[in-house]
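> Please find one structure pasted underneath; my questions will follow.
The values are calculated or read from the model by the stated rules, or taken from the named source; none is laboratory data. Bear in mind the structure is a predicted one, so any value in this text is a computation, not a measurement. Please note: Cβ atoms are built from the backbone with ideal geometry, for glycine as well, and neighbour counts cover all protein chains shown.
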């Protein structure tokens with residue numbers, strides 16, 4: 001997450017125009033003096049250090065010193081109008097991303113359950129998906145090929 005100090009070193013924000021301009025060269029396209037941000041899906045995003053940020057949230061950070069956890073609302077419903085007077089925090093709680101660990105644990109459990117339903121297991125040696133009835137001995141996590149030594153370890 002970017003801080004206000006880092007943001008002010010890289011970009012200048014004009015609250016009257018609602019426009020960001022680059023102060024330093026950030027990439028081959030992001031040159032000093034050029035307007036920052038690109039639009040997709042009707043809104044503007046700015047890429048800083050390989051991460052895309054919503055320009056409206058960066059404007060809020062630039063002006064008020066904290067990155068909004070809630071969604072930023074546009075008073076005139078124009079997502080390209082980034083004037084600070086046009087922006088307000090949405091009263092609804094914004095989408096909060098779960099921590100990466102929780103995501104991976106959930107995904108791991110989900111995939112394990114799905115694999116069990118389909119009769120497939122992952123061999124812990126060769127890391128390949130195999131059908132349980134054809135390739136595994138009972139209650140083992142290593143396929144028959146790896147047990148017999150016919151398959152080389154693939155990491």
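> Which members of the range 75-87 meet the condition of being surrounded by 14 or more Cβ atoms within 10 Å (Cβ to Cβ) and either within 21 Å of the chain's Cα centre (by Cα) or not in a loop (DSSP other than H, G, I, E, B) (or both)?
Selection gives 79, 84, 86, 87.
> Sort out which residues of the range 28-47 are in contact with a strand residue (DSSP E or B) (Cβ under 8 Å, 6 or more places away or on another chain) and more than 22 Å from residue 85 (Cα to Cα), and write them in order of number.
Of everything in the range 28-47, those that are in contact with a strand residue (DSSP E or B) (Cβ under 8 Å, 6 or more places away or on another chain) and more than 22 Å from residue 85 (Cα to Cα) turn out to be 30, 31, 32, 33, 34, 47.
> Oh, and also: Read through the list (1) free of Cβ contacts under 8 Å to residues at least 12 places away in the same chain; (2) at positive phi, then give the number of the only condition that residue 31 fails.
Result: residue 31 fails condition (2) only.
> Now a separate question. Out of curiosity, is residue 24 surrounded by fewer than 11 Cβ atoms within 10 Å (Cβ to Cβ), touching a helix residue (DSSP H, G or I) at 6+ places or on another chain (Cβ under 8 Å) and modelled with pLDDT of 90 or more?
Answer is yes for this residue.
> Hey, another quick one. Does residue 139 qualify as being surrounded by 10 or more Cβ atoms within 10 Å (Cβ to Cβ) and either at pLDDT below 70 or in a helix (DSSP H, G or I) (or both)?
It is false that residue 139 is surrounded by 10 or more Cβ atoms within 10 Å (Cβ to Cβ) and either at pLDDT below 70 or in a helix (DSSP H, G or I) (or both).
> Also, I was wondering about something else. Can you tell me which residue is surrounded by the most Cβ atoms within 10 Å (Cβ to Cβ) among those in the range 34-50 that are under 15 Å from residue 2 (Cα atoms) and free of Cβ contacts under 8 Å to residues at least 40 places away in the same chain?
Here the residue is 46.
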